[in-house]
1. If R0 is 25 Å, what FRET efficiency do you get for Thr121 and Arg91 from their C-beta distance, rounded to 0.05?
2. Spelling out what I want: for every residue of the stretch 159-175, take phi, set θ = phi - 60°, compute 6.51 cos²θ - 1.76 cosθ + 1.60 (Karplus), and round to whole Hz; glycine and proline get x.
3. Restricting to bridges with both residues inside the stretch 8-291, how much of the DSSP beta-bridge set is antiparallel, in percent to the nearest 5?
4. Can you give the FRET efficiency to the nearest 0.05 for Glu33 and Thr220, using r as the Cβ-Cβ distance and R₀ = 30 Å?
5. Would you be so kind as to identify which of Ala181, Tyr97, Gln251 lies farthest towards the positive end of the dipole of the stretch 8-291, taking Lys and Arg as +1 and Asp and Glu as -1 on Cβ and the Cα centre as origin?
6. Please work through the chain and write down the cysteines that have no neighbouring cysteine Cβ at a distance under 4.7 Å.
7. What residues qualify as long-range amide H neighbours of Phe49, i.e. H under 5 Å apart, gap of 5 or more or another chain, H built at 1.01 Å from N?
8. For the stretch 223-240, just list the computed ³J(HN,Hα) in residue order, Karplus coefficients 6.51, -1.76 and 1.60, θ = phi - 60°, integers in Hz, with x standing in for Gly and Pro.
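Every read-out reported here was derived from the displayed coordinates using simple, explicitly stated rules and does not represent laboratory data. Since the model is a prediction, treat every value here as computed from it, not as a measurement. Ideal geometry is used to build each Cβ from the backbone, glycine not excepted, and the neighbour counts take in all protein chains shown.
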Amino acid sequence: MEQQALKLSEVYGQGKPVISFELFPPKTDGGMESLFEHLKELVRCKPAFITCTYGAGGSTRERTLEVLRSIHAAHPKMPTASHLTCVGSSRDELRGYIRRAVEAGVDRIVALRGDPPQGETAFQPAAGGLSYAEELVRLIRDEFPALGVIVAGYPETHPEAPSMAKDLEHLKRKVDAGADAIVTQLFYDNGDYFRFRDRCADAGITVPVVPGLLPVTNLTQIKRITEMCGTHLTQKLVRRLAVHGDDDEGQFSVGVYHAARQAEELIEQGAPGIHFYVLNKSRAAALICRALALFTPVE
Ligand SMILES: Cc1cc2nc3c(=O)[nH]c(=O)nc-3n(C[C@H](O)[C@H](O)[C@H](O)COP(=O)(O)OP(=O)(O)OC[C@H]3O[C@@H](n4cnc5c(N)ncnc54)[C@H](O)[C@@H]3O)c2cc1C
């Protein structure tokens with residue numbers, strides 16, 4: 001019989017910073033090959049678990065499952081989580097996906113609403129589908145009680161939310177529906193995280209609020225990503241990156257230095273761990289984990 005992964009409350013309850021890595025499903029076979037090369041290095045950092053994102057409208061569904069299945073085959077002891085969004089799926093289709101994810105060895109689901117399809121501004125649930133992540137959390141809790149559930153939190157407030165207070169209210173509802181942990185949207189100013197964590201505590205949210213960090217490796221790319229997700233880049237970071245012009249290695253060094261400083265301060269100030277958005281590359285995250293000796297033994 002397969003060994004059951006620890007519950008998320010146990011993973012985050014050991015008083016040690018918990019490292020997790022987030023991958024995305026590559027579009028091509030070449031991308032898959034490259035990902036599995038980088039995965040070897042990432043696994044050496046002993047993360048507590050690895051997650052794989054789920055593309056808009058389920059467009060990457062098969063690839064997401066393939067990535068998770070392959071991680072399980074190569075590293076059977078490594079707990080995994082599949083991201084899942086409500087976009088374009090009925091309740092039955094969501095159930096069907098979760099069953100397949102469990103067969104692929106997944107222990108946890110990152111339960112999300114997802115974004116409206118490109119060109120649309122408001123989220124429309126699919127026929128027979130769900131409108132908010134909260135409903136997906138409830139479905140998983142009711143029908144797949146053995147799975148851990150992670151939800152998304154937004155230190156700088158979700159771009160569609162009418163106010164910070166309302167967004168927090170909605171986050172609390174996701175937690176009350178049964179989420180075990182919150183992973184945050186990426187941010188570059190730790191003050192945003194600390195204020196968010198305090199607001200969560202004031203609202204009575206007691207599950208771990210895990211900071212999500214994306215080490216910048218390229219200024220053009222990060223400007224596009226942060227604009228998309230409504231995160232601000234600090235002026236100091238932008239200035240430092242810009243100094244390097246087209247020098248990729250220079251920009252990489254700045255990004256790693258900034259993320260390492262962020263991670264160090266976050267851990268010192270009691271963050272439960274760091275969730276690294278690694279964008280299928282290992283070098284930045286591995287450097288930071290080594291430099292700060294951030295390793296979470298799998299067992
Ligand atoms: C850690 C993390 C991982 C992610 N992974 C993926 C991924 O794999 N694939 C992908 O496509 N996207 C992913 N995203 C992006 C995410 O899908 C978008 O940010 C999306 O716009 C919101 O999803 P959510 O789960 O936070 O939604 P929700 O929690 O449902 O919130 C969406 C909006 O609705 C509001 N709201 C919530 N509940 C209610 C309610 N009951 N009444 C009224 N308003 C309400 C909220 O305030 C918010 O503005 C990820 C984001 C994060 C932070």
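1. On the way: r = 25 Å, r/R0 = 0.98.
Computed FRET efficiency for Thr121 and Arg91 comes out at 0.55.
2. Each residue of the stretch 159-175 in turn: x, 8, 6, x, 7, 4, 5, 5, 4, 5, 4, 5, 5, 4, 5, 5, 5 Hz.
3. Working: 1 of 30 bridges.
Counting only bridges with both partners in the stretch 8-291, antiparallel ones make up about 5 percent.
4. Values: r = 26 Å, r/R0 = 0.86.
For Glu33 and Thr220, the calculated efficiency is 0.70.
5. Farthest towards the positive end: Ala181.
6. Taking the Cβ cut-off of 4.7 Å, the unpaired cysteines of the chain are Cys52, Cys86, Cys200, Cys229.
7. Counting only residues 5 or more places away or on other chains, the set is Phe21.
8. For the stretch 223-240, the Karplus-derived couplings read 4, 5, 5, 5, 4, 5, 9, x, 10, 9, 9, 6, 4, 4, 5, 4, 4, 5 Hz, x marking Gly and Pro.
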